[in-house]
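Notes follow once the structure below has been shown.
The values are calculated or read from the model by the stated rules, or taken from the named source; none is laboratory data. None of these values were measured; they are calculated from a predicted model. Here Cβ is always computed from backbone atoms with ideal geometry, including for glycine, and neighbour counts include all displayed protein chains. For the accessible areas, the whole protein counts, side chains as well, though only heavy atoms, and no ligand, DNA or RNA atoms are used. Shrake-Rupley method; radii C 1.70, N 1.55, O 1.52, S 1.80 Å.
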Amino acid sequence: MTPTPLSIAEAGTGRSVLVLHGGGGPFTVTPIAAHLAESMHTLTPVHPGWNGTERPESLRTVADLAAAYLVYLAENELTDVLVIGSSLGGWIGSEMLVHDTAGRITALVLIDAAGVEVEGEPMRDFFTLDARGVAEYSFHDSEKFYRDPATIPAEQAAAQRANMVTMQSYGGYDLKDAALLGRLGETDVPVLVLWGESDRIVTPAYGAAFAAGFRNSRFAVVPEAGHLPQLEQPAATFAAIDEFVTAGR
């Protein structure tokens, strides 16, 4: 595969950790990257097509994104890599892991990830939600995180809409790969699956099923948090990640 030009911010030194954002964009994982940069070499991409970045014609699906990041790891000779994915980023990270034939990824953290099909626990129809609905289904404290669309600058609102179009283009309207859950058991790499207790975009039951698909996983719930626990409960989220990283060393 031809290397894809990628926009990746780097910070810190030590073991490499690739931090993958979801549909909301890079700001949703900035706290994770900043925390881990104190002890690790953090790599925080902007997925091609988000925030006005170039999206090559060759990148059409989430699997294509995962392949591009695997090429990046190979081109930069990165090994013993921790991958952390939030929401759509968790889907990308899962695809990376099942296709990592070189064994460069040695641990995976999923945070309220999308991408699999769980019977009886469908993902919320995210693209039909208005701003109020997004806040109510995504956050434990919806009032704290709700922003009236009328108060958002026109340029920022346009960028948000463009990001949503890009996400739907990559992941489809239902944001899932019906075959992915059945492939997760192909790897023994340790996986931490973190889930906000109040997530109504993808429920904790969906998260538990996601975790059960791996051979070597642990499922943990973050209280008083929704779809982005790293924003609502950063201390608890970071503590769980730190414990997982330390236990794996």
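So the values come out like this:
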quantity	calculated
Leading residue at positive end of dipole, the chain (Cβ point charges), from GLY172, ALA63, SER138	ALA63
Dipole of the chain, positive direction: furthest Cα of PHE244, ALA113, THR13, with charges on the beta-carbon	THR13
Surface accessible to a 1.4 Å probe, TRP91 within the full protein complex, Å²	10 Å²
Scaled radius of gyration (Cα, divided by 2.2 N^0.38 Å) that region 1-83 gives	1.06
Cα-Cα separations in the chain greater than 31 Å, expressed as whole percent	16 percent
About the Cα centre, charge dipole magnitude for region 174-249 (Lys/Arg +1, Asp/Glu -1 at Cβ), debye	220 debye
Assigned charges on the beta-carbon of Lys, Arg, Asp, Glu; the chain dipole about Cα centre (debye)	160 debye
Å² of accessible area per residue within the chain, as computed with a 1.4 Å probe and no ligands counted	44 Å²
Placed amide H near HIS99: partners under 5 Å, 5+ positions off or other chain	none
GNM result for the chain, Cα springs below 10 Å: residue of GLY25, GLY85, GLY182 fluctuating most strongly	GLY182
Modelled FRET efficiency - R0 22 Å, SER58 with SER7, Cβ distances, 0.05 increments	0.85
Computed over the chain: relative contact order in percent, which uses C-alpha pairs under 8 Å that are six or more apart	19 percent
Computed [θ] at 222 nm, deg cm²/dmol, the chain (DSSP H ≥ 4; -39,500 (n - 2.57); rounded to nearest 500)	-10500 deg cm²/dmol
